[in-house]
Amino acid sequence: MKVKVSRKEHFNAAHRLYNPAWTDEDNRKVFGKCANPNYHGHNYEVVVSLTGTPDADTGYVFDMKKLSDLVREHVTSKFDHKNLNLDTDHFKNLNPTAENIAKVIWSILRDKIDKSLDLKITLYETERNFVEYPAD
Ligand code: NI
């Protein structure tokens, strides 16, 4: 019987949505205010979920303190109070949409968590807008 466990962490970051192959006008049409040249910020909430079989001895799928430490060390400490476009290598050539941020976070953590556990990232860009990767 599998159980899904989740840990929520937080970071603030700035970004700009922009496709360099398009004109500024086309970027404004598609991304609206999100294409503002001087960037804007979000209070991101990232939920990291692991699904697996609880360990027979501990009853844990994963130690939540260790999960929190992993997310803080490898994700939120890298992104918090940063400009995602300018200050991180991940988004130098990748538009920092919520979709792409969730995929990047998944890639960072996938190597660090046992493959027997399914990993899912839920990223809230606002209270109303959130994405999940991978999709069900
Ligand atoms: Ni935005």
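Nothing in this text is a laboratory measurement; each read-out follows from the coordinates by a stated rule. Every value quoted in this text rests on a predicted model; they were computed, and no experiment measured them. Every residue, glycine among them, receives a Cβ derived from its backbone with ideal geometry; neighbour counts consider all protein chains shown.
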*Hey, can you list the DSSP H helices of the chain whose Cα span along the axis is 20 Å or longer and whose average Kyte-Doolittle score is at least -1.0?*
none
*Name the lysines eligible as straight-distance cross-link partners of K82: C-alpha to C-alpha under 16 Å, and not fewer than 8 places from it in the same chain.*
K92
*Percent RCO, i.e. relative contact order, over the chain, from Cα pairs under 8 Å lying at least 6 residues apart*: 31 percent
_Checking the cross-link filter: which lysines have an alpha carbon closer than 27 Å to that of K4, excluding same-chain neighbours under 8 positions apart?_
K65, K66, K78, K103, K112, K115, K120
*asked:* Can you compute the charge dipole magnitude of the range 1-111 about its Cα centre, using +1 on each Lys and Arg Cβ and -1 on each Asp and Glu Cβ, nothing else charged? Give it in debye, rounded to the nearest 20.
replied: 200 debye
_Along the charge dipole of the range 3-133, pointing to its positive end and built from +1/-1 on Cβ of Lys, Arg, Asp and Glu, which listed residue (N36, L119, N95) has its Cα farthest out?_
N36
*Ranked highest first by average number of other Cβ atoms within 10 Å, how do 85-95, 9-19 line up?*
9-19, 85-95
*Based on other C-beta atoms within 10 Å, arrange R28, R128 from fewest to most.*
R128, R28
